[in-house]
Amino acid sequence: MKQIKIIKNRYVDSVTLMSIGEKTIAATGAENAEAQMATPANLEVLSMLGYGVSAGATPNDLVLAVTAKDKETLDRAFAQMEALLDHRTAEERVYRSLDEIDLEEDPFDLVQISLPGKYAAVEAEKALRKGLDVFIFSDNVPIEDEVRLKELGLQCGRLVMGPDCGVGILEGVALAAGSIVRRGRIGIIGASGSGAQEVACVIERCGLGVSSLIGTGGRDLSAPVGGRTMLQALDVLERDPETDVIVLVSKVADTGVMDRVLTRADRCQKPVIAVFLGAGKELFAGHRVHYAEFLADAAVCAAQLAGGGTVTAIDDEEVEALAEAACSKFGRAQKWLRALYCGGTFAEESLLYWEQALPQAVFYGNLPGTRKGLGEGHTVLDLGAEEYTESAPHPVFEPALRNVKLKEALKDPAAAVVVFDVITGPGVHAHPADEAAKLCREAIQKRGGALAVVANVCGAEGDPQNVAEIVRTLKDAGVIVAGSNKESARIVAAILRRLV
């Protein structure tokens, strides 16, 4: 049985909605439970799941949808969902406003904000004036508000992480989409959520851990913002007795701001490694900061400077053997790459690698440097870009959109290689790879193995999704699972070179 319920003019953020569905299934035995804002993209997903939603539903309305074996379970599931929406749970303390919090009675020191962008700045300012650090998950916050908030944070001696800050780890607590990485003595400052998380997880695989991961938001190193949070975070980690080595992570940004950050890092009494994807080694000329071209390289360098080991990367001979085995099964029509990423930094890092390894190749997609739309060539999509998330949850929280795109890519007769990422952590989807593995298994079997599928799993041992089990499930489905995003790009490049 399937049933929906529409609650008019009720906004709830996507992170909360995702957890409501999962908790409801666990508590009531329902086969499926979805809680989504009635945006066009979400309605399309609900339709694909077999739920018919009234044409009168608007993006301001909340849709609850349940599949269950009988009416009793349906009713119990809807009651559970509404209770969770109203925060009627024993383990939570609910405040309706920051003004209700007595910091002497409840000594909080951080506020995480995931409101719509137009409301986020007002609440962030309240929090800063109360003496709280601020983690702003919200996007669509005007850059003028970001500059103003970060200036206020500096005046108050408080950190402003974000807006559009997807990852953080403070005092062992994972924020937003962050992983539960082992505690250690390497600090990370990231203007890139998935990039900083990849560095943290590879550090863990090197046998070490992370003291803090301070997210800055993706615009922090832009000219208007001027690196305010990254510079402040450098001061914080330099003073931190739990941090011995510091890693800076960003996509390519304003040259003057990146240079200013490196100049400040030169004065740091602790070793600093920086990976500014696509910036080029020439930016580091005259600086003491250790240069890393790719995310995994930065993690390994940090681990070695901290006295740790390294990860066992796949060697060139094995990469070539994998590529040769894959290409031996391809048909004539199979020529192209289909790359689908939840992590925007993973998409950009992979494209950077492929542009170097395959200088004659043409790439289509939605990244800078690609041709727009779809064409006769390779396709690289960042599914976490605003064009996809403006009216739907980010794919790390709800992978339904990614799975639809993955199904299309796997069925494409011209596709030779399909690559995707899987991101784990306590704040993201509980089963991020189950449907993807099923789709891959079916497609590879249907094609008689004449399809190469490559994946990178970015996650930590402490994540509730069980990273080792995800890797096994994907491998059992016929997927080549890489040890890092860079490694997945290497494998793909080796295959594509044979198709030129």
Worksheet entry | Straight-distance crosslink candidates among lysines, where the alpha carbon sits under 20 Å from LYS5 and sequence neighbours closer than 8 are dropped | LYS23, LYS69, LYS71
Practice prompt. Please list, or write none, the aspartates and glutamates whose alpha carbon is within less than 13 Å of the alpha carbon of LYS2, excluding same-chain residues fewer than 8 places away.
Written response: GLU31, GLU34, ASP70, GLU72, ASP75
Item to complete: Would you give the gap between the C-alpha center of region 111-168 and the C-alpha center of region 382-461, rounded to a whole Å?
Response: 32 Å
Worksheet, complete the sentence: Rounded to whole angstrom, the alpha-carbon centroid of region 271-288 lies from that of region 184-198 at a distance of 16 Å
Discussion item. How high is the relative contact order of the chain? Use alpha-carbon pairs under 8 Å, at least six apart in sequence, and give a whole percent.
Written reply: 12 percent
Discussion item. Tell me whether region 290-367 comes out rounded, prolate or oblate; compute the Cα gyration tensor, take square roots of the eigenvalues as a ≥ b ≥ c, and use a/c under 1.5 as the rounded threshold.
Written reply: oblate
Item to complete: Please give every one of the lysines within straight-line cross-link reach of LYS438, meaning a C-alpha to C-alpha distance under 19 Å, and leave out same-chain neighbours fewer than 8 residues apart.
Response: LYS405, LYS407, LYS411, LYS446, LYS475
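With +1 on each Lys and Arg Cβ and -1 on each Asp and Glu Cβ, how big is the dipole of the chain about its Cα centre, in debye rounded to the nearest 20?
1240 debye
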Worksheet item: From the square roots a ≥ b ≥ c of the eigenvalues of the alpha-carbon gyration tensor of the chain, which class results: rounded (a/c under 1.5), prolate (a/b over b/c), or oblate?
Response: oblate
Discussion item. I need the trypsin sites (Lys or Arg not before Pro) found in region 222-325, filtered to DSSP loop residues with at most 11 other beta carbons within 10 Å of theirs.
Written reply: ARG267
Discussion item. If each residue of separation counts as 0.36 nm, what is the full-extension length gain between ASN9 and ALA79 once their alpha-carbon separation is subtracted?
Written reply: 23.3 nm
Fill in: Low-density loop positions, GluC sites (Glu not before Pro), region 401-462 - DSSP coil, at most 16 other Cβ in 10 Å
GLU461
Item to complete: Can you tell me which of 295-307, 471-483 comes out highest on packing, and rank the rest after it, using the mean Cβ neighbours within 10 Å?
Response: 295-307, 471-483
Worksheet entry | At most 11 other Cβ within 10 Å, DSSP loop - GluC sites (Glu not before Pro), region 143-202 | GLU171
Worksheet item: Roughly how big is region 316-497's charge dipole about its Cα centre, with Cβ charges of +1 (Lys, Arg) and -1 (Asp, Glu), in debye to the nearest 20?
Response: 820 debye
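Throughout, read-outs are computed from the coordinates displayed, never taken from laboratory work. Bear in mind the structure is a predicted one, so any value in this text is a computation, not a measurement. Cβ: placed from backbone, ideal geometry, glycine included. Neighbour counts: every protein chain shown.
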